[in-house]
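First comes the structure, then the notes that go with it.
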Amino acid sequence: MSNVNSLLNDPAILRELIMDHYQYPHHHGLVEDENYASVHMASDSCIDDITVQSLIRDGKVEDIRFDGVACTISTASTSMMTDLLRGKSVEEAQAIIDTYFAMIEAKEYDPDVLEEAVAFQNVYKQANRIKCATIGWKAMDQMIAESENKG
Amino acid sequence: MIDVSRIRNDFPMIRNNPDLIYFDNGATSFKPQCVIDAVMDFYTVHTSNVHRGDYAIAAQNDRLYDEARKSVAKLIGAEAKEIVFTHNITASINQAVYGLRNLVKAGDTILVSEAEHASNLLPWFRLAKEKDLKIEYIPLDAEANMTVEGFRSAMHEGVKIVAAAQVTNVLGSVQPVREITEIAHSYGAVVFCDGAQAVPHMKVDVKELGVDLYGFSAHKMCGPSGVGVLYGRYDLLQQMDPVFMGGDMNARFHKDTTVLLKEAPVKFEAGTPNIEGIIGTGRAAEYLMEIGLDNIHAYEKELRAYFMEKLSQLDNIEIYNPDNVYGPIDFNAKGLFAQDAAGYLASRNIAVRSGNHCAKILHNVIGTDQTIRASLYFYNTKEECDRFVEAAKDITLENAVGIFF
């Protein structure tokens, strides 16, 4: 097991990662560019309200950005997603998203694929927060599906 | 003053969850054994429909149903014939709105407030759209309180309906309903009052308030879910059309489509009602009156003051309604999203509500669109407040995220 992976087994480190992504979210703030797809996600059971933008071109996720008002879990999980999926091919991105959803649903998954996002491995134990941990990911899942329909 | 330890014994939810601190009473309340028994007995001892059987058990249920209406009437100082049973206060409001539709015409105004729950806004919004009415807002202060002067300034000849809560569901502001109603009546307007957060906690007398229509839910006042009440001034109820047409509410009908309805309140209660729920609601009303609404009110006020004093000493907590003497306490842990803080409290076995509490335009008034609402009831204790404050001290980002590990 590599050093990075052993760090990702340490709950204290995972907690720090979530806090860090919440306080200093990555790829935060939207751009005005009509080449970007955009999905507005407003959870109906809580007040998370975020917008995710993506630039998918030639089968590649070139950029992902997000903004909005949301809880720690929503913000940090979306922030980590932007790190994970940027620069990946659409197929790779879809595989990561599917793995993430498998983890959230407490199914079998490969933690190496998810890197830092394994921080959300216990969310399934708090059913009312599953929506928070998936809100940004669902937006991206939707945009990939739409890009494939267009393509 | 009331004997809280004895009262707590009446509630199986408390006995079965001795470590739970339930401060989400604004959402719903626990049920005492006597209410549970009243509901259960209907299932196990005297099941039947009402108003249509010729046998002894059916007659017993007719009697229990009518007694429930009397108990609820007594609870709010009304006459039994002025009490309509619905399925929740939302149904009560929708019935009120539907019933008033023929009393308004295009260009008329409905006066509401920004502190209202969705259920006391959206039905009016739809009526306004359908009948081309105007919606206007009663001015509020920073803690969402209405003032008599503010109301007077908003009132004018065009206002035909005023809709407001007696106690608002987020901040617990007690609105000057009697004074408002007097002013509204001097302009000939009809007043609907939402009593969902009032009836469980204080002595309400609809005649003293003078309101024309008044609604509340049973489940927030120790009664079962699925029962709402609509009080209406009798002559007004007689003028109103029912939302639902069907069995039991008609006197006779003919092939040529003419229908003769029964008198109010029965004309509003189409179909088989929630019989056991209504019987349980009657029992809940009796239970509250046995303890005494004034006693409940005084105890809750003292408990709230105690809780507020302790909670306001915490540096990490910001309180939005410190000057209210009544109702829920709304706060946030500084720098934390409300749901994260509520999640941490849940990990300490504390139940509160986080979010915007269905009052989605209130943030215009109080400057935040999400809070934690801690709402007390007469079975809560100072010891619970102490434990709550201890837990609230520990609400930090680190601890809030820590619940996931």
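The values are calculated or read from the model by the stated rules, or taken from the named source; none is laboratory data. All figures in this text were calculated on a predicted structure; none of them were measured in a lab. Neighbour counts run over all protein chains shown; Cβ positions are idealised from the backbone, glycine included.
Values for this structure:
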quantity	calculated
Residue within the range A:71-85 that is among the polar types (S, T, N, Q) and either surrounded by fewer than 22 Cβ atoms within 10 Å (Cβ to Cβ) or more than 28 Å from B:GLY335 (Cβ to Cβ) (or both) present	no
Matching entry among B:GLY247, B:GLY335, B:GLY343 (being within 14 Å of chain A (Cβ to nearest Cβ) and either closer than 30 Å to B:LEU75 by Cα or in contact with a Lys or Arg (Cβ under 9 Å, 6 or more places away or on another chain) (or both))	B:GLY343
Enumeration of residues in the range A:91-112 that are crowded, with 18+ Cβ neighbours inside 10 Å and in contact (Cβ under 8 Å) with a residue 12 or more places away in the chain	A:ALA93, A:GLN94, A:ILE96, A:ILE97, A:THR99, A:TYR100, A:MET103, A:ILE104
In the range B:322-344, the residues that are more than 23 Å from B:ALA400 (Cβ to Cβ) and surrounded by 16 or more Cβ atoms within 10 Å (Cβ to Cβ)	B:ASN324, B:TYR326, B:GLY327
Residue within the range B:308-320 that is under 17 Å from A:THR72 (Cβ atoms), of a type outside the set (Gly, Ala, Ser), in a loop (DSSP other than H, G, I, E, B) and modelled with pLDDT of 95 or more present	yes
Residue, nearest to A:ASN9 (Cα to Cα), within the range A:63-121, restricted to residues that are of a type outside the set (A, V, I, L, M), under 11 Å from the mean Cα position of the chain (by Cα) and within 14 Å of chain B (Cβ to nearest Cβ)	A:GLU116
A:GLN23, sole failed condition from (1) free of Cβ contacts under 8 Å to residues at least 24 places away in the same chain; (2) buried (at least 18 other Cβ atoms within 10 Å of the Cβ); (3) not charged (D, E, K, R)	(2)
In the range B:384-405, residue nearest to B:ASP340 (Cα to Cα) [restricted to those that are within 10 Å of chain A (Cβ to nearest Cβ) and among the aliphatic types (A, V, I, L, M)]	B:ALA400
Any hit, the range B:54-61, residues being over 23 Å from B:ALA298 (Cα atoms) and acidic (Asp, Glu)	yes
Exclusive hit being farther than 20 Å from A:ASP83 by Cα, among the aliphatic types (A, V, I, L, M) and part of a helix (DSSP H, G or I), set A:ILE130, A:ILE144, A:ILE135	A:ILE130
